[in-house]
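What follows is a short report on a single structure.
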Amino acid sequence: MTEPSAERPLDAPRPAAPPDGVPGRVRLPGGREAALLPEPDGTVPAPVAARLRRAAGRCAELERRAAEAVVREFGEGAPTEAELAEARADLLLDTIEADGDGVVLHLSDTCGAHFPDGYWPAVRFDDAHEVVRVTVEA
């Protein structure tokens, strides 16, 4: 699919429907969907939309790598395979955010054992899908 090169209003005609079939939405594994949220002027920059679609196509891999990056960033020493497996089971994708610099995966601590209530890890990936930064957000 080719994205237009300029920003366009959300209701503007698309040259072709995305593979997911619904303009402005990207299908994720497990039946989940991601929505493209517009800028205040009602547009979604085409490069940002394309970046989100590329990330959604690698969603399972990025979710795994994000959970593992959290362990590496906040753990003590080299993580064991058991620690990585626990993180992959407990830290699940909540939100994908795309912007001009890459994508950020926001994870939920589904068991509540890793982060205090109201806090969650976020992992930024660049356009090559390499981990750039791991943070905790509130």
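The values are calculated or read from the model by the stated rules, or taken from the named source; none is laboratory data. Because the structure is a prediction, the values reported are computed rather than measured. Glycine also receives a Cβ, built like all others from the backbone with ideal geometry; neighbour counts cover every protein chain displayed. With ligands, DNA and RNA removed, areas are computed over all heavy atoms of the protein, side chains included. Shrake-Rupley method; radii C 1.70, N 1.55, O 1.52, S 1.80 Å.
Filter segment 118-127 down to the residues that are open to solvent by 70 Å² or more (accessible area, probe 1.4 Å) and modelled with pLDDT of 95 or more, then identify the one that is farthest from Arg25 (Cα to Cα). Can you show your working first?
Step one: of segment 118-127, the residues open to solvent by 70 Å² or more (accessible area, probe 1.4 Å) are 119-120, 127.
Filter once more, so that each one left must be modelled with pLDDT of 95 or more: 119-120.
Details: Tyr119: 27, Trp120: 24 Å.
Selected residue: Tyr119.
List every residue pair whose Cβ atoms sit under 6 Å apart, with the two residues 6 or more apart in sequence or on different chains, where the first one lies in segment 56-73 and is of a type in the set (Val, Ile, Thr) and the second, anywhere, is open to solvent by 30 Å² or more (accessible area, probe 1.4 Å) and at pLDDT 95 or above.
From segment 56-73, the pairs are Val71/Pro79; Val71/Glu83.
Assess whether His114 counts as being in contact (Cβ under 8 Å) with a residue 24 or more places away in the chain and either assigned to a loop (DSSP other than H, G, I, E, B) or more than 19 Å from Gly75 (Cα to Cα) (or both).
Yes; evaluated as a whole, the condition is true for this residue.
Out of the residues in segment 117-135 that are assigned to a loop (DSSP other than H, G, I, E, B) and of a type in the set (D, E, K, R), which is farthest from Arg53 (Cα to Cα)? Step through it out loud before you land on a result.
In the first step, residues of segment 117-135 are kept if they are assigned to a loop (DSSP other than H, G, I, E, B); the result is 117-119, 126-130.
Restricting the remaining residues to those that are of a type in the set (D, E, K, R) gives 117, 126-127, 130.
Values: Asp117: 30, Asp126: 14, Asp127: 12, Glu130: 16 Å.
Here the answer is Asp117.
From Val48, Val44, Val103, which residue is over 15 Å from the mean Cα position of the chain (by Cα), within 15 Å of Val26 (Cβ to Cβ) and of a type in the set (Val, Ile, Thr)? Before you say what the answer is, go through the steps one by one.
Working: Val48 fails: over 15 Å from the mean Cα position of the chain (by Cα); Val103 fails: over 15 Å from the mean Cα position of the chain (by Cα).
None of the others qualify; the one that does is Val44.
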